[in-house]
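Data block below; observations after.
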Amino acid sequence: MKQSRLESELRDAICSLRPNFMATMNYSRPLSGGRDTRHQTVVRHLREWNREVLEALFGRKFFRRNVGDEFLFVAAIEIGPLLSKEHAHLLVRVPDHLAERFEVEGVQRWRPKEMAPAMGQHRRLLESDVLIRRIYDLDGAVGYCLKNVGNHTDRIVFSNEFRVTAH
């Protein structure tokens, strides 16, 4: 299958980030809501996971310690038809000295919660399902993670999009 120019440029850009881990963040059951709502839910969960991993790796002042994006991920979100299981494939760059810690913390910190079904109820923790592996074949990992993206760049999320700049 022939790649579009956009797909090729995206692959090259992601490879240039030198990710050293690949992660798949799954849900134990389908998320509720329409396509946009499910996409927003996955993005919210990725944002929460990112913050928790950064704090686990760099401490409370992670926003200063990771200012150069030493830890960075690119997520390809896959949202299927209603009642399919959404998931995200991440290509993650982790500093070498934090790699072993990330393998543990990355799994432990994926704790997505579903929205409360009615006002006043607490969000419930969803069963965790995450797989994190070191990358030994960068081209293969990038190809696998981007397999269903095509020209839909709205399915790609960069972790530095979640950065809040202090004034």
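The values are calculated or read from the model by the stated rules, or taken from the named source; none is laboratory data. The structure displayed is predicted, hence computed values, not measured ones. Ideal geometry is used to build each Cβ from the backbone, glycine not excepted, and the neighbour counts take in all protein chains shown.
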Hey, R60 surrounded by fewer than 13 Cβ atoms within 10 Å (Cβ to Cβ) and under 30 Å from E100 (Cβ atoms) or not: yes
With R60, R64 as the choices, which residue is in a loop (DSSP other than H, G, I, E, B) and out of contact with any Gly (no Cβ under 8 Å at 6 or more places or on another chain)? R60
Test: residue in segment 107-130 that is at pLDDT 85 or above and assigned to a helix (DSSP H, G or I): yes
State whether one or more residues within segment 37-52 are touching a Cys at 6+ places or on another chain (Cβ under 8 Å) and either surrounded by 16 or more Cβ atoms within 10 Å (Cβ to Cβ) or without any contact (Cβ under 8 Å) to a residue 12 or more places away in the chain (or both). no
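Restricting attention to segment 64-79, which residues are touching a helix residue (DSSP H, G or I) at 6+ places or on another chain (Cβ under 7 Å) and surrounded by 14 or more Cβ atoms within 10 Å (Cβ to Cβ)? Give the steps one after another, and end with the answer.
Taking segment 64-79 and keeping what is touching a helix residue (DSSP H, G or I) at 6+ places or on another chain (Cβ under 7 Å), we get 65-66, 69, 71-77, 79.
If the condition is that a residue be touching a helix residue (DSSP H, G or I) at 6+ places or on another chain (Cβ under 7 Å) and surrounded by 14 or more Cβ atoms within 10 Å (Cβ to Cβ), then R65, N66, F71, L72, F73, V74, A75, A76, I77, I79 are the ones that fit.
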Segment 1-21, subset assigned to a helix (DSSP H, G or I) and in contact (Cβ under 8 Å) with a residue 12 or more places away in the chain, residue farthest from R93 (Cα to Cα): L6
Take segment 33-61 and flag every residue that is closer than 23 Å to I135 by Cβ and over 17 Å from the mean Cα position of the chain (by Cα). F58
Out of all the residues in segment 53-81, which are under 21 Å from D36 (Cβ atoms) and without any contact (Cβ under 8 Å) to a residue 24 or more places away in the chain? G80, P81
Out of D154, D139, report the one residue that is assigned to a helix (DSSP H, G or I) and modelled with pLDDT under 80. D154
Among the residues in segment 36-55, are any acidic (D, E) and touching a Phe, Trp or Tyr at 6+ places or on another chain (Cβ under 7 Å)? yes
Quick one: in segment 82-98, of everything that is free of Cβ contacts under 8 Å to residues at least 60 places away in the same chain and in contact with a Leu (Cβ under 6 Å, 6 or more places away or on another chain), which residue is surrounded by the fewest Cβ atoms within 10 Å (Cβ to Cβ)? L98
For T24, state whether it is in a helix (DSSP H, G or I) and hydroxyl-bearing (S, T, Y). no
